[in-house]
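Below is one structure, written out as structure tokens; the observations come after it.
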């Protein structure tokens with residue numbers, strides 16, 4: 001009876017705590033290995049919170065570093081979760097690509113970026129030449145936008161993009177192809193504007209970084225100075241206790257190349273990159289062109305599965321049956337496994353770089369997918385603006401407001417950035433992903449598009465090409481000349497109280513080629529309309545040396561001796577501006593209107 005008493009009393013006491021605890025404990029299923037970023041997404045918390053919890057347990061890990069199930073399960077309770085390990089068949093890291101079957105280690109995919117003249121092309125050539133010597137002496141490496149090298153029996157795939165803007169353009173189209181970004185910095189020149197841009201773009205993409213300190217053979221090389229500059233940008237180098245590897249190399253002397261490749265493999269090992277080769281292939285279009293003799297020629301990068309000759313492939317808004325494939329050495333191949341680049345023949349049309357591709361079972365399936373994609377394009381995700389920010393945050397569509405900040409002078413960046421960082425709320429985090437001086441460029445628009453961000457200009461205006469691209473892609477550009485107005489607008493947007501947005505519609509641009517006196521001691525600008533049109537009731541900006549020196553309205557518009565309502569591209573005209581007479585030859589007059597955004 002001594003045994004029966006506990007059995008009879010336990011049921012009476014046990015139900016109460018079980019009922020109370022059940023709704024508080026969430027079960028999360030995770031694989032045997034998962035990156036910090038993906039684990040945070042499963043827990044619905046910021047990655048930095050996971051990193052902090054790992055640090056409390058004595059584990060130093062970066063956002064893209066993989067942790068095992070044992071480590072993840074140890075910290076999951078801190079966030080109200082109980083971890084359960086996924087079955088072996090489903091142990092793939094969370095991904096947009098459905099994985100079926102056994103995962104195997106794949107080659108890392110690497111993009112090389114950096115400042116112009118710092119040796120990106122020379123480094124790529126040195127790596128490529130070392131590959132040719134190691135594999136097939138005398139072979140000619142054709143330019144297909146991607147190629148593979150082999151180091152101690154292991155492969156590395158390089159994307160040969162012309163720069164960080166091309167890298168971001170692919171990302172803006174939804175392509176997530178790069179695992180590691182190698183930032184090339186010249187030891188004799190140090191960190192330059194495009195170096196900073198490349199780091200910003202790589203960080204925004206969430207890829208791991210490796211620094212290649214090039215030109216160390218130069219007499220005036222100063223590696224320590226460059227390392228300090230990188231540290232000031234927030235890159236904590238490994239030799240200083242951080243997690244960013246810095247490798248000294250000389251592309252010209254071909255020294256340090258193997259060391260760089262081995263360190264790339266080391267970073268790849270930490271990331272535990274895996275893919276399933278035993279399934280229909282999916283991946284990304286790297287580049288494509290129409291060859292007169294071969295037809296559409298498409299370079300693809302397989303990300304999962306195995307691509308084979310005879311497969312029916314959908315890429316972007318076109319499809320085709322693969323009739324031939326070639327590798328980066330121009331050799332005919334029958335199949336391409338994960339992380340392998342290949343040139344494909346047989347598509348019906350030329351897809352765009354950055355388009356995703358996948359293999360389907362039949363032509364009927366291919367046509368159905370393209371029809372569905374076109375329908376989905378009509379209901380595409382809305383671009384983020386300050387006006388719709390509150391509504392999108394309320395529905396959970398966005399959790400971060402990514403901002404590209406451009407100012408006229410360096411001194412304006414820090415106070416604006418600091419003020420914006422303090423505006424984060426429980427629902428949405430305000431994050432300045434790029435801050436620089438100068439006009440707003442097409443590269444800024446691409447970064448905003450890829451990151452679903454907005455652009456804020458302080459005494460900085462968009463270049464004509466940037467404005468046109470932003471209008472086409474739906475990227476929000478807001479310009480200010482008072483810091484308080486920036487903070488006020490973002491605060492109101494976060495609270496859902498921002499007034500309707502008034503967008504600028506640029507009508508045209510005219511160049512001042514002469515000046516002459518007008519009535520009542522005014523000056524008239526003799527102009528040539530270079531693009532668009534100018535109208536009599538438009539607002540104008542006077543731009544000198546790339547900076548806006550005055551904003552006003554058109555007071556008069558004449559063609560020869562006649563008053564006219566508007567002038568168009570290619571015409572000469574005389575323009576008078578309200579309360580402005582200090583025209584100089586070489587000034588530009590920008591005609592624009594402001595209209596309410598629906």
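Output the number of residues of the stretch 221-265 satisfying the condition of being touching a residue at least 24 places away in the same chain (Cβ under 8 Å), closer than 24 Å to residue 414 by Cβ and in contact with a strand residue (DSSP E or B) (Cβ under 7 Å, 6 or more places away or on another chain).
Going through the stretch 221-265 one residue at a time, the tally reaches 5.
Just to be sure I understand, how many residues within the stretch 206-215 are buried (at least 20 other Cβ atoms within 10 Å of the Cβ) and touching a residue at least 40 places away in the same chain (Cβ under 8 Å)?
Residues that pass the stated criteria total 6.
Please indicate, with yes or no, whether at least one residue in the stretch 579-588 is within 23 Å of residue 406 (Cα to Cα), touching a residue at least 12 places away in the same chain (Cβ under 8 Å) and either out of contact with any helix residue (DSSP H, G or I) (no Cβ under 7 Å at 6 or more places or on another chain) or in a strand (DSSP E or B) (or both).
yes
List the number of the failed condition for residue 147; all other conditions in (1) at pLDDT 85 or above; (2) buried (at least 18 other Cβ atoms within 10 Å of the Cβ); (3) closer than 23 Å to residue 253 by Cα hold.
Condition not satisfied by residue 147: (1).
For residues in the stretch 307-339 being under 27 Å from the mean Cα position of the chain (by Cα) and surrounded by fewer than 22 Cβ atoms within 10 Å (Cβ to Cβ), which is farthest from residue 364 (Cα to Cα)?
337
Quick one: residue 573 ticks every box in (1) out of contact with any strand residue (DSSP E or B) (no Cβ under 6 Å at 6 or more places or on another chain); (2) buried (at least 18 other Cβ atoms within 10 Å of the Cβ) except a single one, so which number is it?
That leaves (1) as the condition not met.
Please find, within the stretch 227-256, the residue that is surrounded by the most Cβ atoms within 10 Å (Cβ to Cβ) out of those that are more than 25 Å from the chain's Cα centre (by Cα) and in a loop (DSSP other than H, G, I, E, B).
Only one residue fits best here, namely 249.
Can you tell me which residue within the stretch 287-305, out of those that are free of Cβ contacts under 8 Å to residues at least 60 places away in the same chain and either surrounded by 24 or more Cβ atoms within 10 Å (Cβ to Cβ) or closer than 27 Å to residue 371 by Cβ (or both), is farthest from the chain's Cα centre (by Cα)?
295
Name the residues in the stretch 209-226 that are assigned to a loop (DSSP other than H, G, I, E, B) and either under 23 Å from the mean Cα position of the chain (by Cα) or under 15 Å from residue 249 (Cβ atoms) (or both), would you?
Correct list: 215, 216, 217, 218, 221.
Yes or no: residue 285 in a strand (DSSP E or B) and in contact with a strand residue (DSSP E or B) (Cβ under 8 Å, 6 or more places away or on another chain)?
yes
I'd like the residue in the stretch 517-527 that is buried (at least 16 other Cβ atoms within 10 Å of the Cβ) and modelled with pLDDT of 90 or more and, out of all such residues, is nearest to residue 467 (Cα to Cα).
527
Given (1) crowded, with 18+ Cβ neighbours inside 10 Å; (2) within 30 Å of residue 553 (Cβ to Cβ), where does residue 438 come up short, assuming only one miss?
Result: residue 438 fails condition (1) only.
Considering every residue within the stretch 158-166, establish whether at least one is crowded, with 24+ Cβ neighbours inside 10 Å and modelled with pLDDT under 60.
So far as the stretch 158-166 goes, yes, one or more of its residues are crowded, with 24+ Cβ neighbours inside 10 Å and modelled with pLDDT under 60.
Would you mind finding the one in 259, 269 that is in a helix (DSSP H, G or I), more than 27 Å from the chain's Cα centre (by Cα) and surrounded by fewer than 20 Cβ atoms within 10 Å (Cβ to Cβ)?
Testing whether each residue is in a helix (DSSP H, G or I), more than 27 Å from the chain's Cα centre (by Cα) and surrounded by fewer than 20 Cβ atoms within 10 Å (Cβ to Cβ) leaves just 259.
Of all residues being under 30 Å from the mean Cα position of the chain (by Cα) and more than 20 Å from residue 207 (Cα to Cα) in the stretch 55-68, which is surrounded by the fewest Cβ atoms within 10 Å (Cβ to Cβ)? Just the residue, please.
Looking at residues that are under 30 Å from the mean Cα position of the chain (by Cα) and more than 20 Å from residue 207 (Cα to Cα), I get 55.
Going through 129, 99 one at a time, which residue ends up being part of a loop (DSSP other than H, G, I, E, B), at pLDDT below 85, surrounded by 13 or more Cβ atoms within 10 Å (Cβ to Cβ) and out of contact with any strand residue (DSSP E or B) (no Cβ under 6 Å at 6 or more places or on another chain)?
Every option except 99 fails the conditions.
The values are calculated or read from the model by the stated rules, or taken from the named source; none is laboratory data. It should be emphasised that the depicted structure is a prediction, and the values quoted were computed from it without experimental measurement. Because the Cβ atoms are built from the backbone with ideal geometry, glycine has one as well, and the counts that use them run over all protein chains shown.
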